[in-house]
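See below for the structure under consideration.
The values are calculated or read from the model by the stated rules, or taken from the named source; none is laboratory data. Quantities reported herein were computed from a predicted structural model and do not represent experimental measurements. We place every Cβ from the backbone using ideal geometry, glycine too, and count neighbours over all the protein chains shown. Side chains are part of the model used for accessible areas, which takes the heavy atoms of the whole protein and leaves out ligands, DNA and RNA. Shrake-Rupley method; radii C 1.70, N 1.55, O 1.52, S 1.80 Å.
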Amino acid sequence: MPQNDTGLKTVTKPKLERPRLYKVILVNDDYTPREFVTMVLKAVFRMSEETGYRVMLTAHKMGTAVVVVCTRDIAETKAKEATDLAKEAGFPLMFTTEPEE
Ligand code: TYC
């Protein structure tokens with residue numbers, strides 16, 4: 001056991017950091033129909049009609065809305081899945097991710 005000049009033994013406790021969490025962000029645009037945005041929120045993020053509509057409306061009014069907070073891996077997968085669904089349907093709808101402070 002190492003000793004410092006106090007003569008006391010020093011014990012180092014390994015500190016495990018919590019994994020950083022990421023936000024999935026819904027971005028407003030002028031072209032994607034409201035119903036389509038709500039449908040994607042229901043399909044990809046398992047939201048109810050009411051919650052999906054409310055989140056869609058928040059992005060529509062504020063420019064962006066936080067959809068969910070989760071691990072980086074899940075956030076990136078879901079954001080891509082949702083953005084790809086829109087792309088396939090010919091809409092510019094975008095979901096992005098960013099780390100939580
Ligand atoms: N602004 C779109 C419209 O008026 C609807 C919309 C809402 C699009 C939210 C994207 O993230 C969005 N048709």
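P(r) for the chain, from all Cα pairs and a bin width of 10 Å, is 15, 40, 18, 7, 7, 8, 5, 0 %, short bins first.
Taking the charge dipole of the chain about its Cα centre, with +1 at Lys and Arg Cβ atoms and -1 at Asp and Glu Cβ atoms, the residue from S48, C70, H60 reaching farthest to the positive side is C70. Placing unit charges on the Cβ atoms only, positive for Lys and Arg and negative for Asp and Glu, gives the chain a dipole magnitude near 440 debye about its Cα centre.
With all protein chains present, how much of the accessible area of the range 21-99 (probe radius 1.4 Å) comes from carbon and sulfur, to the nearest whole percent? Walk me through the numbers on the way to the answer.
Working: 2570 of 4650 Å².
Here carbon and sulfur together make up 55 percent of the probe-accessible area.
Full extension of the chain between T51 and E101 yields a length gain of 15.5 nm, computed as 0.36 nm times the residue separation minus the alpha carbon distance. Solvent-accessible surface of the range 21-99, averaged per residue with a 1.4 angstrom probe and all protein chains in place: 59 square angstrom. Backbone geometry of the range 93-101 corresponds, through the Karplus equation with coefficients 6.51, -1.76 and 1.60 at θ = phi - 60°, to 3J(HN,Hα) couplings of 3, 10, 10, 10, 10, 8, x, 6, 5 Hz, x marking Gly and Pro.
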